[in-house]
Amino acid sequence: MSEPVAAFRSVAIVGTGPTGLYTLHHLLRSPQPVMVTLFETGSLAGVGLPYSPEAAQVAMLANIASIEIPPLSQTYLDWLSQQPDAVLAVYGVDKASLHDRQFLPRLLLGAWFRDELERMLAEAPLHGHRVALREATRVVDVAPVGDDLRVSFDAGEGEESLLFSHVVLATGHVWPDDPAQDRGLFVSPWTGLVEAQVPAGPVGVLGSSLSGIDAAMAVACQHGRFTDGDRAFHPDAGAQALRITLMSRQGLLPEADFWCPLPYQPLVHLTEAAVLREIGDGADGLLDRLWRLFVAEMAVADPAYAETVGLAYLTPEGFADAYFAPRLAADPFDWASANLAQVDRNTAARRVVGWRYAILRMHEPMEAAVPELTPADRDRFDALKRVFIDNYAAVPPQSIRRLLALHRAGCLDLLALGEGYELSRTDGVTEVRAEDGATAAFPVFIDARGQRALGAEDLPFAALRARLAKGAVAMTPDFALRDVGDGRLFLPAAPYLLHRMPFAQGICVSADMGAAVARAIQPDAQAQAA
């Protein structure tokens, strides 16, 4: 008697950024035929908003190098090596100097993603799969209909709908639209800033992470140029009034990305297995037990640092204070300059800073315990979360070099807001009052604070919202909704995961989510995806 044939999968993937592409990649590596329809709101699928011409310029760097990016049909570096010299030159890239740890313009990464999508579209029929692409098509609703899921969409000529066996809502980050009536207010760096003509005057940027740096670069490159390997900035004639102010609660700049062995070397104490054991022992006291593992790991990785900060006597909250204290006591631009020089020296010598590398490796196993913490411990964890984020969100050294050049040119300042700052916008001017009473006014203001956590009430699909309780969306480990769709409706989108996965961002996370979703839809995709 022959084995039963698996049911044919008809899959909708809503969103064609990195998560959608990696999901498609793994689905197409299943030996069982699958039919996939890709829905993309924008006019150019496969790029992803942060890497698209609508949201990025050449000066905006991707915060990830080829060595860290999971390959699709090929590695990012292999693709780069195949591009004509003249094309790379447009992005300021010399083919002869390419290497796998290089931070390159976001636009180039978007071009690689687009090429990979086109390759998948061309090769899918050769393996029995069918893929349809619907660009400039906005999905307006998703709802169960019997054993299927109905996807309703607007392609510009009225609303239509199709039925699918599985739906993947890979919708990515959610940014609000800029207010049309206020041309000086940008509620995110991704919605109109690149195309806008920003006058050379006071510009306020709320946020000093990579998003804030991107916003500063988008403005600065309208009014001047970087020279001498990005060590100098020269304002254009008539642009001497440009004054960009980055603002954050602590008034800190991110540190430069540091050299470390990749892939990660294994941890000794705070391993995935150890974290799972601690979770199994119950929620009461879980954070303190994990903290003891953290301390033990740091003592092995960098005993001198552990002794210097008195780590053995600190709580998670106390360590966060000790971690940031030296930077808070220094001038932020002096610190950035010294940190950049140290990173350059360590990179040249391939020298590892043990405590930095340990923190970088520990954030991933630690994240698995976050949903299991008690509410009180979850609040306490926020201090340690700031340390983890500050560490893994280090930015390309070139970005720090450009910030220092802008500061030396008199075009960039940094403002510490404190916790109790206030914002108000009146008559086209944003007024900022810091906790210490300092004030500033900006005709142009850019909110670059990054993605906030979203709940079911924020979903843009009315039928789906109506079936879910407000708050965090309950999901299985493979990102299927628990309350709707019988395991066939997936939501691998960072804003809806931050409640339980506070570090859910970046291309590596997108690749992991895409693989998990594909295996849930086509279990035999697992062997092919390795």
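The values are calculated or read from the model by the stated rules, or taken from the named source; none is laboratory data. Keep in mind the model is a prediction, meaning the values are calculated, not measured. As a convention, Cβ positions derive from the backbone with ideal geometry for all residues, glycine included, and neighbour counts pool all protein chains shown.
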Answer yes or no as to whether PHE381 is among the aromatic types (Phe, Trp, Tyr), within 16 Å of GLU255 (Cα to Cα) and part of a helix (DSSP H, G or I).
no
When only residues in the stretch 475-507 that are among the small types (Gly, Ala, Ser) and buried (at least 16 other Cβ atoms within 10 Å of the Cβ) count, which is farthest from THR191 (Cα to Cα)?
GLY485
Identify the residue in the stretch 61-82 that is out of contact with any Asp or Glu (no Cβ under 7 Å at 6 or more places or on another chain), of a type outside the set (Val, Ile, Thr) and surrounded by fewer than 18 Cβ atoms within 10 Å (Cβ to Cβ) and, among all such residues, is farthest from TRP259 (Cα to Cα).
GLN82
Within the stretch 139-244, considering only strands (runs of 3 or more DSSP E) that don't extend past its boundaries, which have at least 1 residues that are without any contact (Cβ under 8 Å) to a residue 60 or more places away in the chain and over 27 Å from PHE479 (Cα atoms)?
159-164, 224-227
Filter result for VAL275 (touching a Pro at 6+ places or on another chain (Cβ under 9 Å), in a helix (DSSP H, G or I), more than 20 Å from GLU255 (Cα to Cα) and of a type in the set (Val, Ile, Thr))
yes
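Could you pull out the residue among VAL509, VAL444 that is modelled with pLDDT of 95 or more, β-branched (Val, Ile, Thr) and touching a strand residue (DSSP E or B) at 6+ places or on another chain (Cβ under 7 Å)?
Every option except VAL444 fails the conditions.
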Residues of the stretch 437-481 satisfying the condition of being within 27 Å of GLN181 (Cα to Cα), outside any loop (DSSP other than H, G, I, E, B) and either in contact with a helix residue (DSSP H, G or I) (Cβ under 6 Å, 6 or more places away or on another chain) or of a type in the set (Lys, Arg) (or both)
ILE446
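Evaluate the following for VAL517: is it outside any helix (DSSP H, G or I), touching a Phe, Trp or Tyr at 6+ places or on another chain (Cβ under 6 Å) and over 23 Å from VAL187 (Cβ atoms)?
Details: outside any helix (DSSP H, G or I): no; touching a Phe, Trp or Tyr at 6+ places or on another chain (Cβ under 6 Å): yes; over 23 Å from VAL187 (Cβ atoms): yes.
Judged against the criteria, VAL517 is not a match.
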For LEU88, state whether it is part of a helix (DSSP H, G or I), aliphatic (A, V, I, L, M) and farther than 22 Å from SER510 by Cβ.
yes
Failed condition for LEU162, given (1) modelled with pLDDT under 95; (2) farther than 27 Å from GLY418 by Cβ, with all others met?
(1)
Residue hits (the stretch 225-240; in contact with a strand residue (DSSP E or B) (Cβ under 8 Å, 6 or more places away or on another chain) and surrounded by fewer than 22 Cβ atoms within 10 Å (Cβ to Cβ)) are ARG225, PHE226, THR227, ALA232, HIS234, PRO235, ASP236, ALA239
Determine, yes or no, whether GLY20 is within 24 Å of TRP112 (Cα to Cα) and modelled with pLDDT of 95 or more.
yes
What residue, among those in the stretch 394-419 that are assigned to a loop (DSSP other than H, G, I, E, B) and at pLDDT 95 or above, is surrounded by the most Cβ atoms within 10 Å (Cβ to Cβ)?
CYS411
Pick from the stretch 337-353 the residues that are among the small types (Gly, Ala, Ser) and within 19 Å of ARG327 (Cβ to Cβ): which of them is surrounded by the most Cβ atoms within 10 Å (Cβ to Cβ)?
SER337
Search the stretch 117-136 for residues that are closer than 11 Å to VAL36 by Cβ and in contact (Cβ under 8 Å) with a residue 12 or more places away in the chain and pair each with any residue that is among the small types (Gly, Ala, Ser) and surrounded by 15 or more Cβ atoms within 10 Å (Cβ to Cβ) when their beta-carbon atoms are under 8 Å apart and the residues are at least 6 apart or on different chains.
ARG130/ALA124; VAL131/ALA124; LEU133/ALA45
Being surrounded by fewer than 18 Cβ atoms within 10 Å (Cβ to Cβ), part of a loop (DSSP other than H, G, I, E, B) and in contact with an Asp or Glu (Cβ under 8 Å, 6 or more places away or on another chain): is that true of PRO31 here?
yes
The one condition PRO371 fails out of (1) in contact with a Lys or Arg (Cβ under 9 Å, 6 or more places away or on another chain); (2) buried (at least 17 other Cβ atoms within 10 Å of the Cβ) is (2)
When you scan the stretch 482-492, do you find a residue that is outside any loop (DSSP other than H, G, I, E, B) and farther than 27 Å from ALA394 by Cα, even just one?
yes
